[in-house]
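What follows is a set of notes on a single structure, which appears directly below.
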Amino acid sequence: MVTIIGGGLAGCEAAWQVASRGVRVRLHEMRPVRPTLVHQGDRLAELVCSNSFRGDKLDNAVGVLKEEMRRLGSIIMRCAEATRVPAGAALAVDRGRFADAVTAAICAHPLIEVVREEITAIPAAGATGGPVIVATGPLTSDTLSQDIARFVGAEHLSFYDAISPIVLAESIDRSIVFRASRWGRSLRGDERRASSTPTRVGSESAHLEGTGVAELARQADSTAESGSLQAAGCSLPEAEPEAEGPACGVDDGEGDYLNCPMDEAEYRAFYDALVSAESATVHDFDSVQFFEGCLPIEVMAHRGRETLRFGPMKPVGLPDPRTGRIPFAVVQLRQDTLAGDHFSLVGFQTQLKWGDQARVLRMIPGLQDAEFVRFGMVHRNTYINGPMVLLPTWQTRAREDLFFAGQVSGVEGYVESAGSGLLAGINAAHQALALSPIEAPRETAIGALAYYVSHAEARHYQPTNITFGIMPPLELPAARRSRGEGGPRRKDQRKEALAQRALQALDNWMGQVAIGAPA
């Protein structure tokens, strides 16, 4: 049996991978027994920040990572596809339906037991009868956090993370905002290859082939009627009727974002109000470490008067259809639910006091009467120093039976967290089955991430998103090198070549190594 601590993205993905290889799983989730400051309920895999899994095309590294995870049988990717909402070239989900889908799938699996209790210490070697995966996320409880610090022999590293506000759709002034995706980019159905991608999994996961998430939810509901889900600590909300509208991810001709245009005077007034507003928690921006990929808007604003116009408020590629001109600045709103009744402010993470949030954000054209479903907030993210603690298999250097995965392991991002859980789950299952651990090739996105976390410079280590920059550079054939030829010079060509190499390396690796239980 494999014990997993934490029912977030990494923990659920790890549990799925272990159980799909015929190994029993005990998944511990402390909510609702021990709630956190930012979670809204007790469902598994609840998204507390954005509802976006970021780019879904192969011209960015996270799109490559997602495609690799689809080919490796990721439950997180499957549930994300089933609950996606329009978001241009990105993969965004209805966060409630997504958590429902993951919860249903995990609770319905006959080899997964969900236990609702807080774990306050890392289990001793051999105490659980098998490998242990710690996937407690950035909001690890204080008591367990202290024990993790004791185990790794050092204080945790940490940074502050912020959450964007969400507004009620009916309170948005549609006479001011306009629908568009930047540069007109939107994912069409023929660009999403997940449905045609072969998945290689262990023999015990055969019952999943051809099974959609909706069917998994029905299986879960059926199981719940017998009381077994409640006994396992799972709870499933009642299914909601399907929302009508354009298919998710398909360009309906109007674009997938709502855009709030600003002229120069409006931007200047907004900027002045933003930098003078009061922070709720952290006041000394220079002494506090934020994750650079998720900075609060007020922190960015304090870096320069034009910073926001080159960041979350950049107007390029978004001409206002009523004027035909590019606005001075633009605030984008992304659909947060399948029903389209909630919209989040893209890139508008903030830690302002709620009263100031409402006042300042209502200065945005189109949001003058905005009703807020959720205000932005900031929370502390805790993580270990991966290069000091971890191997590329996500095992700890000190104990081969102990794994870390997810944001607590030192990765950043939803997809990266789930990807680390995927490999940790495979290797934990291998250990339970007395098989050798495996390392994904560094040429793949999932392998490059594992290598970075375990081999980066420890003294200055910070969590990272997956980027092409942490993947090995392209190598030219000897004949071309002898002629002095270079590699692809254009950035788009280089990205395409790296993506093709990654997926080819993944397919070759999957065909050469045993990544599942023997038949």
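Every number in this text was worked out from the coordinates using simple rules, so none of it is lab data. The structure displayed is predicted, hence computed values, not measured ones. FYI the Cβ positions are ideal-geometry reconstructions off the backbone, even for glycines, and counts take in every protein chain you see.
Amide H contacts of Asp256: Gly88, Ala180, Ser181, each under 5 Å away and 5 or more positions distant or on a separate chain (H built 1.01 Å from N in the peptide plane; Pro and chain starts excluded). Spin-label model, Ser276 to Asn508: label points 7 Å out along the Cα-to-beta-carbon direction sit 6.2 nm apart. Given +1 at the Cβ of Lys and Arg, -1 at the Cβ of Asp and Glu and no other charges, the dipole of the stretch 47-155 around its Cα centre is 400 debye to the nearest 20.
The spacing between the stretch 404-427 and the stretch 307-339, judged by their C-alpha centroids, is 32 Å.
For the peptides 326-332, 298-304, 372-378, the ranking by mean Cβ contacts within 10 Å, running from highest to lowest, is 326-332, 372-378, 298-304. Based on Cα contacts under 8 Å between residues 6+ apart, the stretch 48-125 shows a relative contact order of 26 percent. Annotation for Ser171 and Ile438: the two label points, set 7 Å from Cα along the Cα-Cβ direction, are 4.9 nm apart. Near Gly7, the amide H atoms lying under 5 Å from its own belong to Met30; only residues 5 or more places off or on other chains count, and H is placed 1.01 Å from N.
Dipole of the stretch 298-364 (Lys/Arg Cβ +1, Asp/Glu Cβ -1, origin at the Cα centre): which of Gly355, Leu338, Pro312 lies farthest to the positive side? Among Gly355, Leu338, Pro312, the one farthest towards the positive end of the dipole of the stretch 298-364 is Pro312. Residue ranges 125-137, 409-421, 84-96 sort as 409-421, 84-96, 125-137 when ordered by packing (mean number of other C-beta atoms within 10 Å per residue, highest first).
Positive-end ranking of Ser20, Leu58, Leu9 along the dipole of the stretch 1-62, with charges on Cβ about the Cα centre, is headed by Ser20. Between Phe328, Gly386, Val373, the Cα set farthest toward the positive side of the dipole of the stretch 283-393 (charges on each charged residue's Cβ, about the Cα centre) is that of Phe328. 3J(HN,Hα) along the stretch 120-126, derived from phi through the Karplus expression 6.51 cos²θ - 1.76 cosθ + 1.60 where θ = phi - 60°, amounts to 9, 8, 5, x, 5, 4, x Hz, with x in place of Gly and Pro. Computed extension gain for Asp147 through Arg305, at 0.36 nm per residue and net of the alpha carbon distance, reaches 52.5 nm. Sorting 435-448, 42-55, 256-269 by their mean Cβ neighbour count within 10 Å, with the most densely packed peptide first, gives 42-55, 435-448, 256-269.
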